[in-house]
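Throughout, read-outs are computed from the coordinates displayed, never taken from laboratory work. Treat the numbers as computed from the prediction; the structure is a model and nothing was measured. So basically every Cβ, Gly included, is an ideal-geometry build from the backbone, and we count neighbours across all protein chains shown.
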Amino acid sequence: MSLFRKIFGSLGEEEDNDKKQEIKSPYTPDITLPIDEQFTFNFKNNGGKFIYCENLDEIAENFENILAENDWFECNAHCYNSRLLHLLDENKLTYNNASPAVFFLSSCENLIADEGSILFSSNQFKHYKPNELPTNMVIFATTSQIVNSKSDGLRRIKNMHEKNYPSNITTIKYFEEVKEQDFLHYGSCHKNLYLLLLEDL
């Protein structure tokens with residue numbers, strides 16, 4: 001056996017052994033992330049901008065940072081949630097007037113962990129479709145709104161709104177423009193979306 005084969009052959013064998021060890025056994029248990037980490041990972045993977053907040057003061061501070069980052073201080077916004085209007089008032093922003101809105105401020109129904117999407121209904125969007133709303137969105141949510149799947153989110157909506165079940169239920173999953181359209185993105189619109197997530201658990 002030549003000297004080269006001894007050297008390079010043994011290295012190749014070691015690499016083969018490493019590759020065999022990397023192959024996952026069907027008997028190895030799947031490692032599942034906690035639901036909040038799973039949502040965060042998938043949401044960021046979809047292009048969303050995620051800001052974790054421990055209290056309402058941090059929500060207000062981070063909202064102001066978003067306005068500063070995008071130069072949205074002297075613009076019109078859309079907001080249909082009266083509980084969020086104070087954020088616009090504090091920053092002297094006009095909202096819901098006739099001029100086109102630069103961004104949309106809203107809450108949501110649920111955060112879907114397994115696909116990193118956000119579930120909305122007519123409670124947030126009224127009768128508008130996602131593509132009829134501004135491309136820029138700032139969404140307020142809490143950690144207790146994170147659910148495993150879309151079906152869990154729909155079940156929670158049903159339980160919360162037994163008498164006045166909302167319409168226009170939709171999810172937004174894509175948070176950056178896709179350069180090449182494929183069938184997975186067909187009919188969906190992207191949103192430049194910031195998520196202000198408040199810890200409430």
Inset, instruction - Pop the C-beta distance of N96 and E64 into the FRET formula with R0 = 30 Å and round what comes out to the nearest 0.05. - result: 0.90
Legend entry - Relative contact order, percent, the stretch 33-198 [alpha-carbon distance under 8 Å, six or more residues apart]: 31
Legend entry - Cα-centre dipole for the stretch 84-178 with unit charges at Cβ (Lys and Arg positive, Asp and Glu negative), debye to 20: 340
Legend entry - Long pairs among K129/K173; K44/K158; K126/K150; K44/K173; K44/K191; K129/K191, criterion Cα-Cα beyond 18 Å: K44/K158; K126/K150
Legend entry - Gyration tensor (alpha-carbon) shape descriptor, the stretch 51-129, a/c threshold 1.5: oblate
Legend entry - Total formal charge among the other residues, if their Cβ is under 10 angstrom from that of V147, Lys/Arg +1 and Asp/Glu -1: 0
Inset, instruction - Let me know the charge dipole size of the stretch 121-176 about its Cα centre in debye, to the nearest 20, where only the beta-carbon of Lys, Arg (+1) and Asp, Glu (-1) is charged. - result: 200
Legend entry - Overall dimensions of the stretch 33-198 as given by Cα atoms, namely Rg and Dmax in Å: 15.4, 45
